[in-house]
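A quick write-up on the structure given underneath.
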Amino acid sequence: EMSASLVGSEMCIRDRNIGRIRISEQVVAVIAGIAATEVEGVESLVGNITNEIVAKMGIKNLSRGIRLKMVDDTVFIQITVNIMYGYSIPDISRNIQEKVSQAIENMTGLSVAEVNVIVSDVTVSKN
C-alpha cells in the first residue's frame, strides 16, 4: 500500500480532505538552520555551518547543529550555535527561538512545541 511505504520516522503526515502532505525532517531541519543563521549575532551552527551552506547540506551533516523530533504535526528542535563575541546570549537565544518557530510554522503548517538553544562557542570577528 502506498501510504505504508511512504510513511517512515523521517516523515510527517498531514491529512487533508483532498489528500496528504508529507514533509521530511530534512526540510524542517534546513528551514530551522537557515532561520537560526539569519539571526544577528549568530556566527554559525556547530560545525561552522554558515547560512550560505545550510541548504546545500544533507540531514546527516546538519544533525550536529540541529536535532529534531517530529510527533504527528508537532516539532521539537534543539539547535547548537556559535555566537559572535559581544552579543547578549539570552537575546540571541530568544531571537533564534522566535525566528525558527515562525519560519517552520509559516512554511510548513507544523506546530513547534520547543526550540532549545545551546550556545557551544563564542567567536571573535576576524576584522
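Values quoted throughout were computed directly from the atomic coordinates according to the rules given, and no laboratory measurement underlies them. Because the structure is a prediction, the values reported are computed rather than measured. Backbone-built Cβ (ideal geometry, glycine too); neighbour counts: all protein chains shown.
Identify the residues of segment 95-127 with backbone N under 17 Å of a label point that sits 7 angstrom from the Cα of Ile21 along the Cα-to-Cβ direction, or state none. In segment 95-127, the label zone of Ile21 (backbone N under 17 Å from the point 7 Å along Cα→Cβ) covers 101-113. Were the residues from Ser111 through Asp91 laid out at 0.36 nm apart, the gain over their Cα-Cα distance would be 4.9 nm. A simple rule links phi to the HN-Hα coupling: the Karplus curve 6.51 cos²θ - 1.76 cosθ + 1.60 with θ = phi - 60°, which for segment 105-114 gives 5, 5, 7, 10, x, 6, 9, 9, 7, 8 Hz, with x for Gly and Pro.
For segment 81-127, just run the numbers: alpha carbon Rg, then divide by 2.2 N^0.38 Å, N being how many residues it has.
Numbers: Rg = 12.9 Å, N = 47, 2.2 N^0.38 = 9.5 Å.
Segment 81-127 yields a ratio of 1.36.
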